[in-house]
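Student: This is the structure, below, for whatever I ask next.
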Amino acid sequence: MKVKAILLAGGHGSRLHPFTKYTQKTLLPLHNRPVIDYALGTIRRAGITDITIVSNQFIGQITKHVGAGLPNERIHYVLEEEPTGVADALNLARAYNEDCRLLIYFSDNITTVELTEEVGTFSNAEHPPGCILLARQEANPQAFGVAVLGQNGEVVDIVEKPENPPSDLAIGGIYMFDEAFWSFLDLGVEEKGENFSITDVNRRYIQQGMAKLITVGEDTWVDCGTPDSLLHASNMAKDGKLNPNPFRT
C-alpha cells in the first residue's frame, strides 16, 4: 500500500512574528535554504513521491518555490483559509490521502532521522502496521506530549504538557499512520471537538497495542518555531549537520 505525506505548514506562525506577517514560516531561512527544503528532503529521501502541502494565505509563495515537484512526484497544494485546529487542517488534505498509509509532518520540525526503512516497512506490510511515533529526549518536556513507558520500555500512554512528566521523551511533529488513521481522527473529533489533538489519534493506536516508539537518540531533531530555535538550526545547517537534499547519497 502506497505511503503518502501530508506536510502541515499552516497556522499564524505567531511565535515568529513579525516575520510571518509577510511570509510563511517554512520559507524563513536556515542558512542558505528555506525551512521547507529540509522537511521535504526528509520526506523525499524516504521514497515518498505523493505529497500534500497544507498552508495559509502564503501558499502561493510556497507553490512558487516548490513548483510541480521533482520528476515522477505529485505535489498537491491546499489552502487553509483560517487556522481552526489540526483536525480541520488534516481534513483539508483528506481527499488526496484516503486509502493509503501516511507520513504526517508538522513543518516546524527538522530532523536528521532517515525514514526510508520505516516507509518501506509500511508500504510492504500485508496487514495494517499501526503507527510509528518519533520521540526525542528533552530536558524540559513539559511543553510537549510525553511518553508514558511500561516495564519493558514500550509506550503505554501519552500525557499532554504534564506538570510532572512521566519520562523525558517528548513526542510530536512527525508521525506515521496506517489506513485506520482517518477513522481514528473522526472518532477523536467526535469525542473531543475543539479540544482534539493528534495525541488523541496516537492514544487509540497505543490502546490497541499498535504503536511503535522510535527514540531519535544521537540523531538531531530541532523545532524551528521560535527565533532562538531558528537561529540554532541555521547554525547547524551552516555546519552541514542538517540535510535539505531530496536524494539519498
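The values are calculated or read from the model by the stated rules, or taken from the named source; none is laboratory data. Quantities reported herein were computed from a predicted structural model and do not represent experimental measurements. All Cβ positions, glycine included, derive from the backbone under ideal geometry; neighbour counts span all protein chains shown.
Student: I'd like the residue in region 149-173 that is of a type in the set (Asp, Glu) and more than 26 Å from ARG101 (Cβ to Cβ) and, out of all such residues, is surrounded by the most Cβ atoms within 10 Å (Cβ to Cβ). Don't jump to the end; show me each part of the working.
Tutor: As a first pass, look at region 149-173 and keep what is of a type in the set (Asp, Glu): 154, 157, 160, 163, 168.
Restricting the remaining residues to those that are more than 26 Å from ARG101 (Cβ to Cβ) gives 163, 168.
Details: GLU163: 6, ASP168: 14.
Filtering first and then ranking leaves ASP168.
Student: Looking at (1) touching a residue at least 24 places away in the same chain (Cβ under 8 Å); (2) over 18 Å from the mean Cα position of the chain (by Cα), which one does VAL159 not meet, given that it meets all the others?
Tutor: Every listed condition holds for VAL159 apart from (1).
Student: From the set of residues in region 81-110 that are assigned to a loop (DSSP other than H, G, I, E, B) and within 16 Å of the chain's Cα centre (by Cα), which is farthest from PHE184 (Cα to Cα)?
Tutor: The qualifying residue farthest from PHE184 (Cα to Cα) is ASP108.
Student: Answer yes or no: is there a residue in region 111-130 that is in a strand (DSSP E or B) and farther than 20 Å from VAL3 by Cα.
Tutor: Filtering region 111-130 for residues in a strand (DSSP E or B) gives 111.
When the remaining residues are screened for being farther than 20 Å from VAL3 by Cα, the result is none.
No, region 111-130 contains no residue that is in a strand (DSSP E or B) and farther than 20 Å from VAL3 by Cα.
Student: Also, quick follow-up: Which of the residues belonging to region 187-207 are more than 23 Å from ARG136 (Cα to Cα) and exposed (fewer than 13 other Cβ atoms within 10 Å of the Cβ)?
Tutor: Matches in region 187-207: GLU190, GLU191, GLY193, GLU194, ASN195.
Student: Give the residue that is surrounded by the fewest Cβ atoms within 10 Å (Cβ to Cβ), with candidates limited to residues of region 84-129 that are among the small types (Gly, Ala, Ser) and more than 24 Å from ILE158 (Cα to Cα). Let's see the steps before the verdict.
Tutor: Looking only at region 84-129, we keep the residues that are among the small types (Gly, Ala, Ser), and these are 85, 87, 89, 93, 95, 107, 120, 123, 125.
Imposing the further condition that a residue be more than 24 Å from ILE158 (Cα to Cα) reduces the set to 93, 95, 120, 123, 125.
Details: ALA93: 23, ALA95: 10, GLY120: 13, SER123: 15, ALA125: 13.
By that ranking, first place goes to ALA95.
Student: Please enumerate the residues belonging to region 43-73 that are hydrophobic (A, V, I, L, M, F, W, C), outside any loop (DSSP other than H, G, I, E, B) and over 16 Å from the mean Cα position of the chain (by Cα). Working first, answer last.
Tutor: Looking only at region 43-73, we keep the residues that are hydrophobic (A, V, I, L, M, F, W, C), and these are 43, 46, 48, 51, 53-54, 58-59, 62, 66, 68, 70.
Then drop every residue that is not outside any loop (DSSP other than H, G, I, E, B), which leaves 43, 51, 53-54, 59, 62, 66.
ILE59, ILE62, VAL66 - these are the residues of region 43-73 that are hydrophobic (A, V, I, L, M, F, W, C), outside any loop (DSSP other than H, G, I, E, B) and over 16 Å from the mean Cα position of the chain (by Cα).
Student: Now a separate question. Do any residues in region 164-183 that are without any contact (Cβ under 8 Å) to a residue 24 or more places away in the chain have Cβ atoms under 8 Å from those of residues that are buried (at least 23 other Cβ atoms within 10 Å of the Cβ) and assigned to a strand (DSSP E or B), where the two are at least six apart or on different chains, and which pairs are they?
Tutor: PRO166/VAL146; PRO166/ALA147
Student: While we're looking at this one, here's another question. Considering only region 67-99, how many residues are of a type in the set (A, V, I, L, M, F, W, C), out of contact with any strand residue (DSSP E or B) (no Cβ under 6 Å at 6 or more places or on another chain) and under 24 Å from VAL113 (Cβ atoms)? Break it down stepwise before answering.
Tutor: Step one: list which residues in region 67-99 are of a type in the set (A, V, I, L, M, F, W, C), which gives 68, 70, 75, 78-79, 86-87, 89-90, 92-93, 95.
Add one more test, that the residue is out of contact with any strand residue (DSSP E or B) (no Cβ under 6 Å at 6 or more places or on another chain), and what stays is 68, 70, 79, 86-87, 90, 95.
Narrowing the set further to residues that are under 24 Å from VAL113 (Cβ atoms) leaves 70, 86, 90.
Total satisfying the criteria: 3.
Student: Still on this structure, please answer the following. For GLU218, which of the numbered conditions (1) modelled with pLDDT under 90; (2) within 17 Å of the chain's Cα centre (by Cα) fails to hold?
Tutor: Only one criterion is unmet by GLU218, namely (2).
Student: In region 13-42, which residue that is part of a helix (DSSP H, G or I) and among the basic types (Lys, Arg) is nearest to the chain's Cα centre (by Cα)? Walk me through it before giving the result.
Tutor: Filtering region 13-42 down to residues part of a helix (DSSP H, G or I) leaves 14-16, 19-21, 25-27, 35-42.
Remaining after also requiring among the basic types (Lys, Arg): 15, 21, 25.
Numbers: ARG15: 18, LYS21: 23, LYS25: 15 Å.
Selected residue: LYS25.
Student: Also: Out of the residues in region 222-244 that are surrounded by fewer than 20 Cβ atoms within 10 Å (Cβ to Cβ) and of a type in the set (A, V, I, L, M, F, W, C), state the one that is nearest to LEU115 (Cα to Cα).
Tutor: Selected residue: MET236.
Student: Looking only at residues in region 174-186 that are surrounded by fewer than 18 Cβ atoms within 10 Å (Cβ to Cβ) and of a type in the set (D, E, K, R), which one is farthest from ALA5 (Cα to Cα)?
Tutor: ASP186
Student: Continuing with this model, one more query. Could you list, in sequence order, the residues of region 130-148 that are touching a residue at least 60 places away in the same chain (Cβ under 8 Å) and surrounded by 15 or more Cβ atoms within 10 Å (Cβ to Cβ)? Before you say what the answer is, go through the steps one by one.
Tutor: Residues of region 130-148 that are touching a residue at least 60 places away in the same chain (Cβ under 8 Å), as a first pass: 130-137, 147.
Across region 130-148, the qualifying residues are GLY130, CYS131, ILE132, LEU133, LEU134, ALA135, ARG136, ALA147.
Student: Further question: Quickly run through region 91-118 and pick out the residues that are free of Cβ contacts under 8 Å to residues at least 24 places away in the same chain and among the charged types (D, E, K, R).
Tutor: If the condition is that a residue be free of Cβ contacts under 8 Å to residues at least 24 places away in the same chain and among the charged types (D, E, K, R), then GLU117 is the only one that fits.
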